[in-house]
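Working notes for the structure below.
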Amino acid sequence: MEVEGTDKSYLITGGGGYFGFRAFSFSLACALLQTSSKVVLFDVRPPSQELPEGMAFTRADIRDYPQVEEAVRGMHCVFHIASYGMSGREQLNGKLIDEVNVLGTENVLRACVAQRVPRLVYTSTYNVVFGGQEIRNGDESLPYLPLHLHPDHYSRTKSIAEMQVLKANGSPLDNSAGVFRTCALRPAGIYGPGEQRHLPRIVGYIEKGIFRFVYGDPESLVEFVHVDNLVSAHLLAAEALTEKRQHRSAGQPYFISDGKPVNNFEFFRPLVEGLGYTFPTLRLPISLIYLFAFLTEMLHHVVGRIYNFQPLLTRTEVYKTGVTHYFSMRKAQEELGYEPKRYDLEDVVQWFRGRGHGKKRSRSSVRKLILDVVLVVALAALVLSCLPVVGQ
């Protein structure tokens, strides 16, 4: 899969994060660098790894319009993946979520038009149509969830931002330089080795002994998307905005996943067991967990400024993990040529194990194992000594 041209320049907002750049693995930035002359990562925090030749980092704030306009100057395509408030205690900082997700998107769109950037691919979310209601094999014809029904700031602001992005499609660029083309991708939960938002939090719960129960209907189904599949979808979407592809994706949203609906907790079973822990058998009603999450959020609202603790779960996370919602890939397959590859959690397990995670035997358990082996060998020797010798 190639992005048009080798003399193109690309900007990735939020490019310092996991999806934007990973030096040790496939990433959006690294994939773009294979077919372009310049890739710029725009973020408030620099990447943790050294950048390869042809890749640059711009430290700037998406909430500051002059910084955004300077960053997009001379770009041929912008991948707008920057966002805030997806999970955990970040979901409870409404002011910052609004500023980054809504104002930040407004700044990017305005700057692209002013600087005559012809294409923009926006990383949205399933949540623009989902708010806790069951959805089976939904598609892009579903209406946006009414804004007042979103249970969290993140989902509401991502919905507003996506509407802004798609509305901007077809806008004339400044100085009659052509037309602005935009599209939006709605990914499922992202996973892959090195993912830093969700997986470390889950592994932390496992290692602390907190992961002692599951909840919801065991038949409930959700979806995930491996980071490599998501990279592929972004490349395809950007190419489908070009004249070569008749601007096929212009003004369009697309659901993106691995295309394999699965129970949320069963999806993580290989991670739990791969790290040496026992998968929980206790199942609690989702209504009880939702009530717990609600009370936790209320507590955080009261004491959060003094002690910004990490909630075990938020209400949105309860819905996203315990209520069936999955979507058809047909539109992305037909219009983008998206064909997700098959992945599992084995590379994730190995990534965590390679960094010292996993259940470790205590000294007492090791001594017990040695004693058990000695006893078994002694018992076997005793039994063998009582057997008749062949040939006598």
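Can you compute the FRET efficiency between Phe294 and Asn137 using 1/(1 + (r/R0)^6), with r the Cβ-Cβ distance and R0 = 25 Å? Round to the nearest 0.05. Calculated transfer efficiency: 0.25. The calculated pair-distance distribution of the stretch 113-201 uses every alpha carbon pair, bins of 5 angstrom beginning at 0, and gives 3, 13, 18, 18, 16, 14, 10, 6, 2, 0 percent. Using a simple spin-label model with pseudo-atoms 7 Å out from Cα toward Cβ, Lys244 and Ser48 lie 3.5 nm apart. Beyond a 28 Å Cα-Cα separation, which of these cross-linked pairs lie in this structure: Lys167/Lys244; Lys95/Lys167; Lys8/Lys320; Lys244/Lys341; Lys158/Lys244; Lys38/Lys95? Check vs 28 Å cut-off fails for Lys8/Lys320; Lys158/Lys244; Lys38/Lys95. Between Ala177 and Asp64, the contour length at 0.36 nm per residue exceeds the Cα-Cα span by 38.2 nm.
Students often forget the sequence filter, so: which lysines lie under 27 Å Cα-Cα from Lys360 once same-chain residues fewer than 8 apart are removed? Leaving aside lysines fewer than 8 places away in the same chain, those within reach of Lys360 are Lys208, Lys368.
Result for the chain in a Gaussian network model with C-alpha springs under 10 Å: among Gln164, Gln246, Gln350, the largest mean-square fluctuation is at Gln246. What's the FRET efficiency of Gln333 with Lys359 using the Cβ-Cβ distance as r and R₀ = 35 Å, to the nearest 0.05? The computed FRET efficiency comes out at 0.30.
Annotation: average projected area of the stretch 9-353 is 16.9 square nanometres, based on the convex hull of Cα atoms across all directions. State the extension gain, in nm to one decimal, for the chain segment bounded by Arg342 and Arg269, taking 0.36 nm per residue of separation less the distance between their alpha-carbons. Fully extending the segment from Arg342 to Arg269 adds 24.6 nm. Extension gain, Leu284 to Ile210: 0.36 nm times the residue separation minus the Cα-Cα distance gives 25.2 nm.
So which helices of the chain fit the span-like rule, where a helix is a whole DSSP H run, its Cα atoms reach 27 Å or more along the axis, and its mean Kyte-Doolittle is at least 1.0? Within the chain the helices that satisfy the rule are 363-386. Of the Cα atoms belonging to the stretch 214-355, the radius of gyration and Dmax stand at 19.1, 55 Å.
Since every read-out is calculated from the coordinates, none of them should be taken as a lab result. Predicted model, so just to flag it, every value in this text is computed and none were measured. Note that we place each Cβ from the backbone using ideal geometry, even for glycine, and neighbour counts take in every protein chain shown.
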